[in-house]
Amino acid sequence: MVKQTTKEHDLIVDDERTSNTVAALKQGILDNLFYVVGKRVEVATDLDHFTALAYTVRDRILARWLTTREDYAKHNVRTVYYLSAEFLMGPYLANNLLNLGIEDVIRQAVAELDLDLNHLIGRESEPGLGNGGLGRLAACYLDSLATLGVPAMGYGIRYEFGMFHQAIRDGWQVEMTDYWLRYGNPWEIRRPQACVEVGFGGHTQSWADSFGEYKVLWSPNEIVKGVPFDTPILGYRSGVANTLRLWRSEANESFYFDRFNSGDYEGAVGAKVFAENISKVLYPNDEEIRGKELRLQQQYFFTSCSLQDMIRRHETAGHSLENFHEQCTVQLNDTHPSIGVAELMRLLVDIHGFDWDKAWEITSHTFNYTNHTLLPEALERWPLRIFGLLLPRHLELIYEINARFLTIVRAKFPNDEARVARMSIIDEHGERYVRMAYLACVGSSHINGVAKLHTELLKSDVLHDFYELWPEKFINVTNGVTPRRWLAVSNPEQSELMTSKIGLGWIGDLDQLSQLERYAEDSTFRSEWRGVQHAVKVRLAQYIAEKTGVSVDPSSMFDAQVKRIHEYKRQHLNVLYILTQYYRLKKDPTLEISPRTFLFGGKAAPGYFMAKLIIKLITSVAEVVNNDPEVNRQLKVVFLPDYNVTFGQLVYPAADLSEQISTAGKEASGTGNMKFAMNGALTIGTLDGANIEIRDAVGHENFFLFGLTAAEVAARKAAGYHPHQIYESNGALREVIDGIGSGRFSRGDGSLFRPLVDSLLNSDPYLLFADYQSYVDCQDRVCKMYRDPEAWSRMSIYNAARMGQFSSDRSIRDYCKDIWNITRFEIGAGVPASK
Ligand SMILES: *Cc1c(COP(=O)(O)O)cnc(C)c1O
């Protein structure tokens, strides 16, 4: 037989083996169990079955993945590179089944093997390679990029240990390491042939070459290897599979053996340890990471790997580096990869011999920067000393970039040295620092905030000087979330009901949910809507009982605040309301209020004392409230440990009320707010981040608004804010604060919550007291409304129906149009998604 080697033939053969018939799927699972996992059916565990199933699904992804790559190459497309230190992907299996369109056949195949699909889905441990919102956003964007058929690649770090696991002991958070790779990772493929080298430390030498050109040679004293691990990212029935490429740091063998051979055993072992440490562990974010050298190593490591990889791909495709910015656009997800601006300059000037001006033209047209925070303390800056030791050549390049940049500032604003000092990439006040956000601003074509208010505050406040210099660079792209994971996968009950009325189109086009609006006035539909909501709450109640032993009533209102624990997010304001209700009930046990279950979840940064104390406060209040028969029929408080994507998929669909109560002007956007509202929860919230746009979209009458605006917060602070006066004048607040301070909720220990109480009484930096009464009044309106199920369901349906614009598909379209200049979609749909 003549061996055919055409593409078509390979695909056909592949299709027979990996077709989506129940018989082929069953055979695939059994084959993978035997040949890949190495187990017989009789002794296979759930985990073995999960792994075999995951490989069986991956087998069905591979043809799409390779074809997508070939199609992109054929069409010579402009590619988006999304650089992010975090990708909080969540478990893949259920999402891949949805996007492939093979859930039903797989369910049947699995059932015929006497297995339960939902159970196997539950065996997958999630890659927790992110802290929270920022990493999760990156994951939603990858989903939308593939769904829309945008040529794109995500680049990040393959941390060996992801976000820590949280346990609660004695009411306190305890951290445990997350070795998520313990049982392997069936989704990824190691690509050792595409590895790159990254240098650290050492020194530079400069000279003039024979043409009189200034040249620099950097001689690092450590060289580590970056090894890529690729995971396919499927679009929703688009036939496209893009790539998430995560870098693992490994010892550079030759570098390492040279030292061995020269007898420097300790040096060689040290080099190996240095190299392998870099991708070892994800830093839990917030203040404590400041100045941690390893963090800077991580940032440079993955950014350099990614840029070198992009250049190699660009050149392999036959392009000249002069056109790099025409073929490649890079999105910097926050400042973590912003060292890329200096690194691309180094690669172009030192390695590829470009002159400065041409290199700068390419670099500044390649990058775009997304800012994620308004908290000044969270803006990254590196002490010059650490920076110069680790990246001596990059520091020189940054000096040069800065000098040229400040010339532009002086030209536009003559005689304004105060402005020059404010805008300098090098902070010269006291100890000197490199300001990473400024480097990103200078080196990017576009700078975007993540919600309308946030972008306005960037322009008027955090990056005001840059806005005055380059107003045209600033643009808003409001965040979004993927309706695939956050509705279709996590809320099958509601999805089915919606689909029965308006068809399946909403999953790929969330605006279609608006067709549900007319059902808001249909009492039969409202009753079905409530039935679905109840079923979802029963599911969560079972989980809560299993995990915590607390029994909660699914017909009580589920009031949820799940997100990182932070003072600006004000979980403790929520607690003040719970205690207000507690005291009201203690005074009058006959008081009629709608029974409520207060659900909390979220991790505190390990070094953030106040956040950890807030967790202890919640668990302490829970202990008192849940065990007091005078109140525990109406109030229950639950802190759910180890909040992550898997758990989010259970809780967002089950909430009646979503708490989005940050101090106005502090939350850049929020995305939890969107997930809740899509799933039909009503929001109680401040005019902060994307809450404002959500409220405008769902209708002001369908949103519980309270609190000061961002402008009012600023004015209150400017006028001199005195929380103690509010405490003195508000009896209910005083009672609650005194109760916490007295030890009533801490087994008589009056000192335990003293730091929290003192902080509130003396400075209250996040204005809980200023918003307290407004919040309580608003919660009372919520209570009243919940007692009218018809009115509540109507509002709930309007919330879900009007969330179309918060799909990450809309965000990605905005990026394509306003930032990336990508207009062609649907390339690479080479393999039909579902046969
Ligand atoms: C959506 C999400 C977040 C972000 O929540 P916010 O309420 O926007 O802070 C954090 N962690 C996980 C696991 C999420 O899914």
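The values are calculated or read from the model by the stated rules, or taken from the named source; none is laboratory data. Computed from a predicted structure; not experimentally measured. In this analysis, Cβ positions are derived from the backbone assuming ideal geometry, glycine residues included, and neighbour counts consider all displayed protein chains. Keep in mind that these areas ignore ligands, DNA and RNA; they rest on the heavy atoms of the full protein, side chains included. Shrake-Rupley method; radii C 1.70, N 1.55, O 1.52, S 1.80 Å.
Suppose a student asked you for the relative contact order of the chain, using Cα pairs under 8 Å spaced at least 6 residues apart; what percent would you report?
Working: 1529 pairs, mean separation 117.4, N = 835.
Relative CO of the chain lands at 14 percent.
Near the amide H of R596, under 5 Å away, which other amide H atoms are found, from residues 5 or more places off or on another chain, if H is placed in the peptide plane?
M557, L635, K636
Quick one, what does Rg over Rh come out to for the stretch 40-172 if you take C-alpha atoms and the Kirkwood Rh? Show your work: numbers first, answer last.
Values: Rg = 17.6 Å, Rh = 17.1 Å.
Looking at the stretch 40-172, the ratio lands at 1.03.
Sort all Cα-Cα distances of the stretch 469-560 into consecutive 10 angstrom bins from zero, then give the percent of pairs in each bin up to the one containing the longest distance.
Once binned at 10 Å, the Cα pair distances of the stretch 469-560 give 13, 33, 29, 15, 7, 3.
Where in the stretch 425-459 is the amide nitrogen less than 19 Å from a point lying 7 Å along the Cα-to-Cβ axis of A418?
425, 427-430
How far apart, in nm, are two points set 7 Å out from the Cα along the Cα-to-Cβ line at R312 and at D509?
4.1 nm
In µm²/s, what is D for the stretch 341-395 at 37 °C and 0.692 mPa s, where D = kT/(6 pi eta Rh) by Stokes-Einstein and Rh is the Kirkwood radius from Cα pairs? Don't skip to the end; give the middle numbers.
Working: Rh = 13.2 Å.
Using the Kirkwood radius from Cα pairs, D works out to 250 µm²/s.
May I ask for the Kirkwood hydrodynamic radius of the stretch 690-835, worked out over all distinct Cα pairs and given in angstroms to one decimal?
Numbers: mean 1/r = 0.0502 Å⁻¹.
Hydrodynamic radius (Kirkwood, Cα pairs) of the stretch 690-835 is 19.9 Å.
Quick one: 3J(HN,Hα) in Hz for the stretch 412-428, Karplus 6.51/-1.76/1.60 with θ = phi - 60°, rounded, Gly and Pro as x.
Each residue's phi maps through the Karplus curve to give 7, 10, x, 6, 9, 5, 5, 5, 4, 5, 4, 8, 4, 5, 9, 7, 9 Hz.
Would you pull out the residues with amide H under 5 Å of W180's amide H, same chain only if 5 or more places away, H placed 1.01 Å from N?
Amide H to amide H, under 5 Å and 5 or more residues apart or across chains, W180 pairs with G162.
With every protein chain left in place, what is the accessible area per residue of the stretch 489-806 in square angstrom, probe 1.4 Å? Please list the in-between numbers first.
Details: 10720 Å² over 318 residues.
Solvent-accessible surface per residue comes out at 34 Å².
If you keep only loop residues by DSSP, which GluC sites (Glu not before Pro) in the stretch 527-608 have at most 14 other Cβ atoms within 10 Å of their Cβ?
Details: sites: E528, E546, E567, E592; in loops: E592.
Sites meeting the loop and neighbour criteria: E592.
Given the alpha-carbon gyration tensor of the stretch 266-390, what are the semi-axes of its equivalent ellipsoid in whole angstrom, ordered largest first, with each equal to the square root of 5 times an eigenvalue?
Details: eigenvalues 150, 80, 36 Å².
Working from the Cα gyration tensor, I get semi-axes of 27, 20, 13 Å.
Principal axes first, then extents: for the Cα atoms of the chain, list largest minus smallest coordinate on each axis, whole Å, largest first.
Principal extents (Cα only, largest first): 92, 80, 55 Å.
State to the nearest 20 debye the size of the charge dipole of the chain about its Cα centre, where the only charges are +1 on K and R beta carbons and -1 on D and E beta carbons.
Values: 89 positive and 106 negative charges, 108 e Å.
I would put it at about 520 debye.
Out of residues 5 or more away from G239 or on other chains, whose amide H comes under 5 Å of its own, with H placed 1.01 Å from N in the peptide plane?
Amide H to amide H, under 5 Å and 5 or more residues apart or across chains, G239 pairs with A833.
Pop the C-beta distance of A791 and L375 into the FRET formula with R0 = 35 Å and round what comes out to the nearest 0.05.
On the way: r = 38 Å, r/R0 = 1.08.
For R0 = 35 Å, the calculated efficiency reads 0.40.
If one puts a single equal scatterer on every Cα of the stretch 179-325 and applies the Debye formula without solvent, what log₁₀ I(q)/I(0) results at q = 0.16, 0.18 Å⁻¹?
Treating every Cα as an identical point scatterer, log10 I(q)/I(0) equals -1.12, -1.27.
Hey, rough spin-label estimate for N221 and A411, points 7 angstrom out along Cα→Cβ, what's it come to in nanometres?
Going from the N221 label point to the A411 one covers 4.1 nm.
Counting other Cβ atoms within 10 Å of each Cβ, which trypsin sites (Lys or Arg not before Pro) in the stretch 423-475 have at most 16 and sit in a DSSP loop? Don't jump to the answer; show the numbers that get you there.
Working: sites: R432, R435, K452, K459, K473; in loops: R432.
Answer in residue order: R432.
So if each residue of separation counts as 0.36 nm, and I subtract the Cα-Cα distance between K74 and V36, what length gain in nm does that give? Numbers along the way, then the final one.
Numbers: separation 38, 0.36 × 38 = 13.68 nm, distance 3.34 nm.
Extending this stretch completely gives an extra 10.3 nm.
For K784 and R716 in the same chain, what is the full-extension length gain: residue separation times 0.36 nm, less their Cα-Cα distance, in nm? Present the calculation step by step, with values, prior to reporting the outcome.
Details: separation 68, 0.36 × 68 = 24.48 nm, distance 3.08 nm.
Full extension of this stretch gives 21.4 nm more.
Determine ³J(HN,Hα), in whole Hz, for all residues of the stretch 701-713 in sequence, where each value follows from phi through the Karplus function 6.51 cos²θ - 1.76 cosθ + 1.60 and θ = phi - 60°; x replaces Gly and Pro.
Taking θ as phi minus 60°, the curve returns 6, 10, 9, 9, 9, 8, x, 6, 7, 4, 5, 5, 4 Hz for the stretch 701-713.
Rank F806, L453, Y433 by how far each Cα sits towards the positive end of the charge dipole of the chain (+1 on Lys, Arg Cβ; -1 on Asp, Glu Cβ) and give me just the farthest.
Farthest towards the positive end: F806.
To the nearest whole percent, what portion of all C-alpha pairs in the stretch 489-806 is separated by more than 36 angstrom? Mind showing how you got there, number by number?
Details: 7820 of 50403 pairs.
Distances greater than 36 Å cover 16 percent of the Cα pairs.
Could you give the length gained by full extension between S262 and A732, i.e. 0.36 nm per residue of separation minus their alpha carbon distance, to one decimal place? Before the final figure, lay out the partial values.
Working: separation 470, 0.36 × 470 = 169.20 nm, distance 7.48 nm.
That pair, S262 and A732, stretches by 161.7 nm at full extension.
Read phi for every residue in the stretch 175-182 and hand back ³J(HN,Hα) as whole Hz from Karplus 6.51 cos²θ - 1.76 cosθ + 1.60, θ = phi - 60°, with x for Gly and Pro.
Once rounded to whole Hz, the list reads 9, 10, 5, 10, 8, 5, 8, 3.
In the chain, what percent of the accessible surface is made up of carbon and sulfur (1.4 Å probe, ligands and nucleic acids excluded)? Don't jump to the answer; show the numbers that get you there.
Details: 16190 of 31500 Å².
The computed percentage sits at 51.
Please report, in whole Å³, the volume per residue of the convex hull around the C-alpha atoms of the stretch 575-733. Working shown, then result.
On the way: hull volume 23.9 nm³, N = 159.
Dividing the Cα hull volume of the stretch 575-733 by its residue count gives 150 Å³.
Any idea what Rg and Dmax come out to for the stretch 528-663 if you just take the C-alpha atoms, in Å?
14.6, 46
Please get the size of the charge dipole for the stretch 658-814, origin at its Cα centre, with Cβ charges of +1 on Lys and Arg and -1 on Asp and Glu, quoted in debye to the nearest 20.
Values: 16 positive and 20 negative charges, 47 e Å.
It works out to roughly 220 debye.
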